[in-house]
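Working notes for the structure below.
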Amino acid sequence: MPEAVAKTFGIETLPIRIARGEGIAGLLDCIFLKIPRKVMDFLRAVRHIRKAKVIVVPGTGILDYFGDRPLGMPFDVFKWCLAAHLAGTRIAFVSVGAGPVGHRLSRWLITSAARMADYRSYRDTASREFMASVGVDTSRESMDPDLAFTLPVPQSANADPSHPLTVGVGVMNYRGWCGFEERGLGISESYLPK
């Protein structure tokens, strides 16, 4: 949530997209296929990104698909990258995950966004290979694993039975993308106790 980041770190934040309006504004937005909101959202992105020197997208699976519709997160990533590109703001994808992306329009939006970047590095070989497979030149790009993946592997899980192996997992409040929320809630509820 942007508000939590702003409060914790004392920096200006804003949501990745404009929230759907209510009442007549929401109805008009639906009638016109969300085009007015998408246009306003893009203009808002350009206005804000012009103030920045660089947009940094850190260590997420932001170049993944996750079953979201093309005009969801894939469009949001493309929108912000296009706004930055037009404003002359540098773009860096740092240690990100990529692919697979099944929907053709989603793949185009994500790869177009990646091509606008001034810097790209991937969290794993599979991500870099996926981007190469969809035509992004990865020949000069590095692989910089997420912090947890750079930790050394323990010598043996059974080395000292009085000190069992402990594994820390970063858990976020994520329960699935569009259309998967109900199933995702069940997965999340069974995952957390494990």
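The values are calculated or read from the model by the stated rules, or taken from the named source; none is laboratory data. Quick caveat: nothing in here was measured; it's all calculated off a predicted structure. Counting neighbours? That spans all protein chains shown, and the Cβs are built from the backbone with ideal geometry, glycine included.
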Exercise. Applying the selection to region 117-128, what residues are surrounded by fewer than 16 Cβ atoms within 10 Å (Cβ to Cβ) and at pLDDT 95 or above?
Worked result: Asp118, Tyr119
Problem set entry | Residue that is farther than 30 Å from Lys51 by Cβ, surrounded by 15 or more Cβ atoms within 10 Å (Cβ to Cβ) and modelled with pLDDT under 65, where the choices are Arg107, Arg175 | Arg175
For this session: Could you grab me the full set of residues in region 49-69 that are under 23 Å from Thr13 (Cα atoms) and surrounded by fewer than 17 Cβ atoms within 10 Å (Cβ to Cβ)?
Result: Arg50, Lys51, Ala52, Lys53, Val54, Val56, Pro58, Thr60, Gly61
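Each row is one residue, and each column tells you yes or no for (1) farther than 29 Å from Thr125 by Cα; (2) in contact with a helix residue (DSSP H, G or I) (Cβ under 6 Å, 6 or more places away or on another chain); (3) of a type in the set (Lys, Arg).
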| residue | (1), (2), (3) |
| --- | --- |
| Lys38 | yes, no, yes |
| Asp41 | yes, no, no |
| Arg44 | yes, no, yes |
| Lys51 | yes, no, yes |
| Asp68 | no, no, no |
| Val77 | no, yes, no |
| Ala84 | no, yes, no |
| Val96 | no, no, no |
| Val101 | no, yes, no |
Exercise. Is region 92-103 home to any residue that is crowded, with 18+ Cβ neighbours inside 10 Å and under 18 Å from Ala45 (Cα atoms)?
Worked result: yes
Problem set entry | Conditions (1) under 16 Å from the mean Cα position of the chain (by Cα); (2) surrounded by fewer than 18 Cβ atoms within 10 Å (Cβ to Cβ): number failed by Leu86 | (1)
Seminar exercise, completed: Subset of region 129-145, residues in a loop (DSSP other than H, G, I, E, B) and surrounded by 16 or more Cβ atoms within 10 Å (Cβ to Cβ), comes to Val134, Val136, Thr138, Glu141, Asp144
